[in-house]
1. Have a look at 140, 91, 160 and point out the one that is β-branched (Val, Ile, Thr) and more than 28 Å from residue 231 (Cβ to Cβ).
2. For the structure I just gave you, tell me whether residue 90 is buried (at least 16 other Cβ atoms within 10 Å of the Cβ), closer than 22 Å to residue 152 by Cβ and at pLDDT below 95.
3. So the check is Cβ under 6 Å with 6+ separation or different chains; which pairs have a first residue in the range 168-192 that's under 10 Å from residue 324 (Cα atoms) and assigned by TED's automatic domain parsing to the domain that holds residue 234 and a second one that's at pLDDT 90 or above and part of a loop (DSSP other than H, G, I, E, B)?
4. Could you tell me which of the residues 145, 118, 174 is surrounded by fewer than 15 Cβ atoms within 10 Å (Cβ to Cβ) and of a type in the set (A, V, I, L, M, F, W, C)?
5. Please go through the range 31-57 and give me each residue that is aliphatic (A, V, I, L, M) and either over 16 Å from residue 96 (Cβ atoms) or assigned to a loop (DSSP other than H, G, I, E, B) (or both), ordered by number.
6. Of the numbered conditions (1) in contact with a Lys or Arg (Cβ under 7 Å, 6 or more places away or on another chain); (2) not in a loop (DSSP other than H, G, I, E, B), residue 177 satisfies every one except a single condition; which is it?
7. Just one of the numbered conditions (1) within 29 Å of the chain's Cα centre (by Cα); (2) modelled with pLDDT under 95; (3) of a type in the set (Ser, Thr, Tyr) is not true of residue 106; which one?
8. For a quick check of your reading of the model, give me the residue pairs whose first member lies in the range 31-59 and is acidic (Asp, Glu), whose second is in a strand (DSSP E or B), with beta-carbon atoms closer than 9 Å and at least 6 apart or on different chains.
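The values are calculated or read from the model by the stated rules, or taken from the named source; none is laboratory data. Source: prediction; values computed, not measured. So basically every Cβ, Gly included, is an ideal-geometry build from the backbone, and we count neighbours across all protein chains shown.
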Amino acid sequence: MDKESHGTARDWAPRSIGLLLGTLVLATTFIAAYVGALHQPTPRDLPIGVVSGDQRAQATLDAVRAQTTILEPIRYDDPGAAEHALLSRAVYAVLSTGADNGLLLTVASASGPSATSAIKEVLGTATTRAGTPLRIVDKVPVTPADPRGVVPFYLNVGYVLGGYLASTVLGISAGTTPRTARRAGLRIAALAVYSVLLGIAGAVVVGPVLDIWHGDVPTIAAIGALAVFAAAMFASAVQGWLGVAGTALVILLLVVLGNPGSGGIYAPEFLPGVLRGMHRWNIPGLANDLTKAAVYFDWRSAGWPGSALGIWAVLGGLGLVSASLVRGRRSAPSDPATTRSGPSPDRDGV
């Protein structure tokens, strides 16, 4: 082997070994996150509403709470406030005194079938032992085409996946850090167009193609475009500052932790530790919450997830532009390596 070959090996070997070790760590974290979060989902503190002064319902929930931490009673001043909490997804169910000295459990299974099933099971057992009749009404059911309520999760997994993959493909082909703010703007525009197209494609799949939400195609398309764009901008900003290696951080936050922490497979109250609150700020969880709010709950509780996705998109765009102004100016267009081998994936590109 000649000296040039030895030099080439010395150049690529450390980088390749580092990338392989990073991939090993990422894959191990993936296994730990998914298996750790989902192997034995245990509900804790599922919020259930009750009206203050409804002594029968309140006594039942207090007795259940004394025996298990599965349910967490949330008291409201009047039935109207309790119903609003149910429809704005603050609680999964409301327990009240019903006819014939029994109890009425009003649930919204579209919020999370796993959560409402656990609530029905716990209260069903408790009322049976007490000899109290229990009637169950599902005020906001899931569509029959999605009985387990997983379509919002898998739909948005595809949207988020498409967003960061598009950013990664552009980073590999044209360079992770655009050299100028103008080129950064062109990349943002290209990803915006891509986001709209993928948003429409996903809406068509779950609408006319699979006939799940055939009446909500424009709504799903708009939400999808926002989710794709937020993921793409976040990935672009991270990759713009960290180069191709930043893709590992993107995958960690959006996939390894983002998917199990989104509350899409199991309700957040089934998840361990920090994953329980992750859906309130991570892109997959926000997209999942926004989809449910729009499709099932007449846009109630859509304010925060919609605003947060918009914030992610804006911050990502600003991050990409700032990376182009700082790192892009440091690039060396006249670098002999660039001249011989074409654009550097970490420095050049539109």
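1. 91
2. Criteria not met by residue 90.
3. Note: pairs meeting the criteria are 184/178.
4. Details: 118 fails: surrounded by fewer than 15 Cβ atoms within 10 Å (Cβ to Cβ); 174 fails: surrounded by fewer than 15 Cβ atoms within 10 Å (Cβ to Cβ).
Answer to the check: 145.
5. Passing the criteria: 31, 32, 33, 35, 37, 38, 46.
6. Here residue 177 meets the rest and fails (2).
7. Residue 106 satisfies every listed condition except (2).
8. 45/71; 45/72; 54/95; 54/96; 54/97
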